[in-house]
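The values are calculated or read from the model by the stated rules, or taken from the named source; none is laboratory data. Nothing here was measured: the structure is a model prediction, and the numbers come from that model. Heads up, the Cβs are rebuilt from the backbone with ideal geometry, glycines too, and the neighbour counts pull from every protein chain shown.
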Amino acid sequence: MAISDVKEYTHLTEDEVDQIGRELDQIRTEIEESRGASDAAYINRLIKIQRGLAAAGRVTLLVGTQFKETRKPAWVLGAGLLGLHKILENMEIGHNVMHGQWDWMNDPEIHSSNWEWDTAQPAEQWKHSHNYIHHQFTNVLGYDNDIGYGILRMAREQKWSPYNLGQPIYNSLLATLFEWGVALHDLDIERIRKGEKDPKEMKRQLKQIFRKGRNQILKDYVVYPALAGKQWKTVLTANVAANITRNLWSYMIIFCGHFPDGAVHFTEEEIEDETRAEWYLRQILGSANFEGGRMLHILSGSLGFQIEHHLFPDLPSNRYPEIAEKVQALAAKYDIPYTTGPLYRQYGQALRTIMKLSLPNSWTSSDQPEPPTPSHDRKRRGDDERPSRRTELGGWSRSHSEARG
Amino acid sequence: MASTIPWERVRRSASKLTTPLHPDDYLRLVNPLWSARELRGRVEEVIPETEDAATLVIKPGWGWRYNHKPGQYVGIGIQVNGKFQWRSYSVSSPPERGRGTITITVRAMPEGKLSSHLVKGLEPGTIVRLALPEGDFVLPDPPPQRILFLVGGSGVTPVMAMLRTLDRRGTMPDVVMHYSSPTEDRMIFRDELDRLEQKHDGLTLHRLHTDIDGMLDLADLDQICPDWRERETYACGPGPMLDAITEHFESNGLEEHLHLERFSLELGGEGGEGGTITFQNSGKTIEADGATTVLEAGEEAGVGMPYGCRMGICHTCTLTLISGKVRDLRNGSEFDSPNEPVQTCVTAAVGDCTLDI
């Protein structure tokens, strides 16, 4: 069931929703005011490590493959280093820099306006399709293209067609070629299919993708292999392996963001006259976290804090762990569902949904949880928790009696 | 240095290996100065000049051309608490290629956190960002036959670059310099000026210690420098001093011969809300009040503004602020560094400003 009103779904009153909005704004302000040298050091250190990994990977492959004894270990080590570099660059660095998380440093070299990431998708298109379309219209059917990316059917509300029977295949293709799937993200494949896309805009975008993609292919599959001379094949296959490693990993992490059970969808009624506080609430309800150690979170681009990332997409990712503690406390206080779990379970649920929804709805059952039923205890305390009634409103009003309902 | 062009070519071909980054993005991790992507320099030395002023000797990195004109200023960006803060300071060293360094001289302003940090808190070895030299307050080449310098306080820095250039080139013409400073101790470059005065017959110095003798009365100019009307005058110092000089020259019909540098232009804090927003590339301008966002103003002016969420989240709307000041309507923070990227959907003009679109 897609949600048309977050207030109704969560049994919260308008005042409570506003209060949640204020509390989240407060968390934002606290982080903004405490951003400083240690945060700057974090991103600079990470960039240094990532570029070091890239250089080490390239050199290992170019030099190590020249000698018979070291060829195999060099292939494994080189591909591993390169894969790691690409994962870090795309996820914890590129994705977050392009969100403007580090713009406050006023450093033009680490800035959303001119960052280009090491993948085929041009940054400019990403900042439209992801930062705007996905982050503002998160999980709204018909608005957010990330509900299946126009390739997969990921919500029961999306119409089934025999095309969907192939979902298991499309899914494995998407995972393997994820870089190229992402490259086409802003093209909006569904609208192209329906013939609704402006051909001029499409041509411009395709040209951009072609240019960026060509440079990526040249680098990984032509220039570096050529530099290895006779060992070009070894370097080429190692580079392919590195790219595919990155593809599979980022695919999996990203599919854990909004597809596990508990991350719900919304109808367009929800975004009509949506307040900022309701937008916040929709982000919490529409996203799913996963649990893990610090290293796992960094390698996942901090997307294990998907909920916090959606609430505050432009706050520095290294602060998400402390933000998460506050958001969890807030969710508990207001009985708002907060979806999280171990990585394998979150991805398992997403994968099961892909499989299930390849079939018509009548053959399968929904896995989405029932809307939260507020505990009586909390409801009874509800009135006292609200900010005291403003005196200029008079003694009694309809909305107040409704709020008690 | 003659091989600049092939070197550029090497870097361009190397970028095939580093795309989407530049080779410099990797090289700067080896040596911070090995990058021309953003101009930067290393502070080699901090030389105290007076109690509250110091000269910073900076070794610029790749991409620096050493072709500033004497009198120009450079932007210098320092990371304070994670954030780059930019200020402009006159270059006090003469343009000289073989030197490898430039110097700027900074006076710590009572309220200026950044200038105090530059004078007292900067360790040699610190990497700073630099912006290319700018400014029209320059000494022409060849210099005018007769020059009058009117200097107040740390306004001496651009003039020092001019004097050093004249000294180095051996082209010191007939120069009269009037230098006001609160006390003798606070007079930056006083020893070097003494030396230059002894060395060059053409250079005459008048020192005024304003704590004792009061401010310069421009009516006295006729005694200090009787032929001031026939000289090219270069004046640099505090705002009120420059205002008085401008008025004096205008009333004598000599404004054509006066060249000014307002080295510390401070706008009043209050009453600066709203202003004329200029969109540089499209050539459009519009009046906006302090509550209208730059984005809305641009759209009203008919500029094709980029926008996304319109709520400060997605950063699609970020543009470069060329000059002026804008205020973030969400939290009141102000952005006024030249070439600072600003989110147009949540900022409004504070006084006149110019954006790069």
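With respect to A:E270, determine if the residue is more than 12 Å from the chain's Cα centre (by Cα) and under 20 Å from A:N145 (Cα atoms).
Values: more than 12 Å from the chain's Cα centre (by Cα): yes; under 20 Å from A:N145 (Cα atoms): yes.
Yes: the conditions hold for A:E270.
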**Prompt:** Of the residues in segment B:179-196, how many are buried (at least 16 other Cβ atoms within 10 Å of the Cβ) and on the phi < 0 side of the Ramachandran plot?
**Reply:** 9
**Item:** segment B:287-336, residues that are among the hydroxyl-bearing types (S, T, Y) and in contact (Cβ under 8 Å) with a residue 40 or more places away in the chain
**Value:** B:T292, B:T293
**Request:** Test each condition in (1) in contact with a helix residue (DSSP H, G or I) (Cβ under 8 Å, 6 or more places away or on another chain); (2) within 11 Å of chain A (Cβ to nearest Cβ) for B:L39 and report the one that comes out false.
**Result:** (1)
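Every residue, every condition in (1) part of a helix (DSSP H, G or I); (2) out of contact with any Pro (no Cβ under 8 Å at 6 or more places or on another chain); (3) under 22 Å from B:R164 (Cβ atoms), yes or no:
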{"residue": "B:P20", "(1), (2), (3)": "no, yes, no"}
{"residue": "B:L27", "(1), (2), (3)": "yes, yes, no"}
{"residue": "B:W34", "(1), (2), (3)": "no, yes, no"}
{"residue": "B:I47", "(1), (2), (3)": "no, yes, yes"}
{"residue": "B:L56", "(1), (2), (3)": "no, yes, yes"}
{"residue": "B:W62", "(1), (2), (3)": "no, yes, no"}
{"residue": "B:Q85", "(1), (2), (3)": "no, yes, no"}
{"residue": "B:G98", "(1), (2), (3)": "yes, yes, yes"}
{"residue": "B:I104", "(1), (2), (3)": "no, yes, yes"}
**Request:** Take A:A350 and decide whether it is within 14 Å of chain B (Cβ to nearest Cβ), in a helix (DSSP H, G or I) and among the small types (G, A, S).
**Result:** no
**Complete:** Selection over segment B:83-107 where residues are farther than 19 Å from B:V159 by Cβ, in contact with a Lys or Arg (Cβ under 9 Å, 6 or more places away or on another chain) and not polar (S, T, N, Q) yields a count of 5
**Asked** Can you tell me which residues in segment A:94-114 are among the hydrophobic types (A, V, I, L, M, F, W, C) and surrounded by fewer than 21 Cβ atoms within 10 Å (Cβ to Cβ)?
**Response** A:W104, A:I110
**Request:** From B:P70, B:P94, grab the single residue that is within 22 Å of B:E256 (Cα to Cα) and not assigned by TED's automatic domain parsing to the domain that holds B:G239.
**Result:** B:P70
**Request:** State whether one or more residues within segment A:179-186 are touching a Lys or Arg at 6+ places or on another chain (Cβ under 8 Å), more than 14 Å from chain B (Cβ to nearest Cβ) and either surrounded by 13 or more Cβ atoms within 10 Å (Cβ to Cβ) or farther than 12 Å from A:G150 by Cα (or both).
**Result:** no
**Message:** Suppose we filter B:I47, B:I58 for residues that are away from chain A (no Cβ under 14 Å), among the hydrophobic types (A, V, I, L, M, F, W, C) and touching a residue at least 60 places away in the same chain (Cβ under 8 Å); which single one remains?
**Reply:** B:I58
**Asked** Could you count how many residues in segment B:67-83 are within 23 Å of A:E109 (Cα to Cα), assigned to a loop (DSSP other than H, G, I, E, B) and out of contact with any Ser or Thr (no Cβ under 8 Å at 6 or more places or on another chain)?
**Response** 1
**Request:** Go through segment B:177-190 and count every residue that is at pLDDT 95 or above and out of contact with any helix residue (DSSP H, G or I) (no Cβ under 9 Å at 6 or more places or on another chain).
**Result:** 0
**Item:** Residue ID - surrounded by the fewest Cβ atoms within 10 Å (Cβ to Cβ), chosen from residues in segment B:314-338 that are in a loop (DSSP other than H, G, I, E, B) and facing another protein chain (nearest Cβ under 8 Å)
**Value:** B:N331
**Complete:** Conditions (1) surrounded by fewer than 12 Cβ atoms within 10 Å (Cβ to Cβ); (2) touching a His at 6+ places or on another chain (Cβ under 8 Å) -> B:P226 fails only (2)
**Request:** Output the number of the condition that A:R156 fails; it satisfies all remaining conditions of (1) crowded, with 17+ Cβ neighbours inside 10 Å; (2) modelled with pLDDT of 90 or more; (3) within 22 Å of A:N247 (Cα to Cα); (4) away from chain B (no Cβ under 14 Å).
**Result:** (3)
**Asked** Are any residues in segment A:12-50 among the β-branched types (V, I, T) and farther than 28 Å from A:Y334 by Cα, and if so, which ones?
**Response** A:I43, A:I47, A:I49
**Prompt:** Within segment A:309-326, how many residues turn out to be more than 14 Å from every other protein chain (Cβ to nearest Cβ), closer than 15 Å to A:E291 by Cα and surrounded by 23 or more Cβ atoms within 10 Å (Cβ to Cβ)?
**Reply:** 2
**Message:** Suppose we filter A:E109, A:E32 for residues that are assigned to a helix (DSSP H, G or I), at the interface with chain B (Cβ under 9 Å from one of its Cβ atoms) and either out of contact with any Lys or Arg (no Cβ under 6 Å at 6 or more places or on another chain) or under 30 Å from A:V235 (Cα atoms) (or both); which single one remains?
**Reply:** A:E32
**Request:** Name every residue in segment A:1-22 that is buried (at least 18 other Cβ atoms within 10 Å of the Cβ) and part of a helix (DSSP H, G or I), in order of residue number.
**Result:** A:V6, A:Y9, A:T10, A:E16, A:V17, A:Q19, A:I20
**Message:** Yes or no: segment A:1-24 includes at least one residue that is farther than 30 Å from A:P369 by Cβ and within 14 Å of chain B (Cβ to nearest Cβ).
**Reply:** no
**Prompt:** Among the residues of segment A:284-334, which ones are among the polar types (S, T, N, Q), closer than 26 Å to A:E89 by Cβ and not in a loop (DSSP other than H, G, I, E, B)?
**Reply:** A:Q306, A:S317, A:N318
**Request:** Please specify each residue of segment A:40-56 satisfying the condition of being facing another protein chain (nearest Cβ under 8 Å) and surrounded by fewer than 18 Cβ atoms within 10 Å (Cβ to Cβ).
**Result:** A:A41, A:K48, A:G52, A:A55
**Fill in**
Output for Cβ contacts, cut-off 6 Å, separation at least six or different chains, first residue more than 20 Å from B:N339 (Cα to Cα) and more than 8 Å from every other protein chain (Cβ to nearest Cβ) in segment B:81-93, second assigned to a strand (DSSP E or B) and polar (S, T, N, Q), reads B:S92/B:T103; B:S92/B:T105; B:S93/B:T103
**Identity of the residue in segment B:237-254, exposed (fewer than 13 other Cβ atoms within 10 Å of the Cβ) and either under 24 Å from B:M187 (Cα atoms) or of a type outside the set (S, T, Y) (or both), that ends up farthest from the chain's Cα centre (by Cα)** = B:G253
